[in-house]
1. Within region B:1-82, which GluC sites (Glu not before Pro) sit in a loop by DSSP and count at most 10 neighbouring Cβ atoms inside 10 Å?
2. Of the trypsin sites (Lys or Arg not before Pro) in region A:1-110, which ones lie in a loop per DSSP and count no more than 14 other C-beta atoms within 10 Å?
3. Assuming a viscosity of 0.890 mPa s and a temperature of 25 °C, what translational diffusion coefficient in µm² per second does Stokes-Einstein assign to the protein assembly as shown, Rh being the Kirkwood radius over Cα pairs?
4. Express the carbon and sulfur contribution to the solvent-accessible surface of chain B as a percent, rounded to the nearest whole number, probe 1.4 angstrom.
5. Nearest 100 Å², what total accessible surface is buried between chain A and chain B (probe 1.4 Å)?
6. Starting from the amide H of A:L12, placed 1.01 Å from N in the peptide plane, find each other amide H under 5 Å away whose residue is 5 or more places distant or on another chain.
7. Accessible area, 1.4 Å probe, largest first: how do B:D63, B:D24, A:D94 sort?
8. Carbon and sulfur: what percent of region A:8-112's accessible surface (1.4 Å probe)?
Amino acid sequence: QQPVQSPQAVILREGEDAVINCSSSKALYSVHWYRQKHGEAPVFLMILLKGGEQKGHDKISASFNEKKQQSSLYLTASQLSYSGTYFCGTEPFDSGDTPLVFGKGTRLSVIA
Amino acid sequence: GAGVSQSPSNKVTEKGKDVELRCDPISGHTALYWYRQRLGQGLEFLIYFQGNSAPDKSGLPSDRFSAERTGESVSTLTIQRTQQEDSAVYLCASSLGRWGAGGYTFGSGTRLTVV
């Protein structure tokens, strides 16, 4: 079942912070985060495997709340290069052989 | 190879023709995935290979779509009797294993336009 991402779109000025949420109706084994720039392939940012785990990638970090079946991506002091569409991909515990199911994406625009 | 390679990068075909899309995964990656992305939309799962086997074909939209993988390497996605709704970017990805902790590496995709 497709995870739900929010917000659908956000516009930031350089230096501002943003949070992107990803929620699932199923208990999750893992959550992946990817960024896709216009006309390019999605690029892997990070994976969260355990409940409550947090990870960071430069000034981008994420948390995984296993109980709430959701993950949040935090972008701190945003830069122009952060612009793109962010996708979460989820793997429920009962996914069987079905790989990542992606959300519809959150379009992030950072302006000067 | 260094990354996931897809060919062709662009394909324009007439409605009703068959097309074949190719994916060369990263060497040593046992898991290979095909996704479809319509303009401005998210990533729609099509099929997944573990080695040369396809445990999950549930995402294939119709029997016009088929895929195979040989030598635990190259994969081809074939669309028969193409329709205009097949127009999209077809993305291939690979990973070290089904539960790979390193995430998926995507190719640049094949942009298919059916006219």
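The values are calculated or read from the model by the stated rules, or taken from the named source; none is laboratory data. For clarity, every value in this text was computed on a predicted model and none was experimentally measured. Virtual Cβ from ideal backbone geometry, glycine too; neighbours counted across all protein chains shown. Accessible surface areas use protein heavy atoms only, side chains included; no ligands, DNA or RNA. Shrake-Rupley method; radii C 1.70, N 1.55, O 1.52, S 1.80 Å.
1. B:E14
2. Listed in order of number, the matching sites are A:K37, A:K50, A:K59, A:K67, A:K68.
3. 136
4. 45
5. 1700
6. Close amide H contacts, sequence-distant or interchain: A:S109, A:V110, A:I111.
7. B:D63, A:D94, B:D24
8. 49
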